[in-house]
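Worksheet: one structure, shown below.
All of the numbers you see were taken from the coordinates with simple rules; none came from a lab. These figures come from a predicted structure and were not determined experimentally. So basically every Cβ, Gly included, is an ideal-geometry build from the backbone, and we count neighbours across all protein chains shown.
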Amino acid sequence: MEGYSRKKLDLTGQRFGKLTVLKPAENVGNRTAWLCRCDCGRESVVKTYRLRSGHTSSCGCRSPQDNPQLALGLTYIDGTCVEMLRAKTVRRNNTSGIPGVDWLTVKRRWRATICFKGRRYYLGSYEYFGDAVQARKRAEEQLHDNFLRQFAQGTLNV
Ligand SMILES: [Zn+2]
């Protein structure tokens, strides 16, 4: 209709994931942008289309769904052995000499597991010892990387 300007989009107060829109920000390029506060307390400027598309739903901090355990796609088994992860000690009943790698007599395969934050995760069983060690090493690196990154971002829940 002539004379009616397009209603200006106002996202103020709306939530997108962990972000709450505080107020319009300076446009980024020719895109509308908003000053948002993340649940973690940080503020960031996000473009409208990124908010509405769900592209950006946090300031960049890791969401709980992205936690290291799940990011690894691991299966929870049992046990509490954070201390083992920390100390990298080999349990007395460990059959391989490598932490997190055990020989399964019945299956005749090597089982790789890892403990993190009090939980034990199953990494698969392998015909070859080297493969089990690799799986364990990969998981270790991923866990530690995630751990350190979260620590650096101050989003680690300890
Ligand atoms: Zn955040």
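Extending 7 Å from Cα along the Cβ direction at E141 and again at D10 yields two label points whose distance is 5.2 nm.
Stretched out straight at 0.36 nm per residue, the stretch from V45 to V106 would grow longer than its current Cα-Cα span by 16.3 nm. Using the Stokes-Einstein relation with a Kirkwood hydrodynamic radius computed over Cα pairs, the translational diffusion coefficient of region 1-61 at 20 °C and a viscosity of 1.002 mPa s comes to 180 µm²/s.
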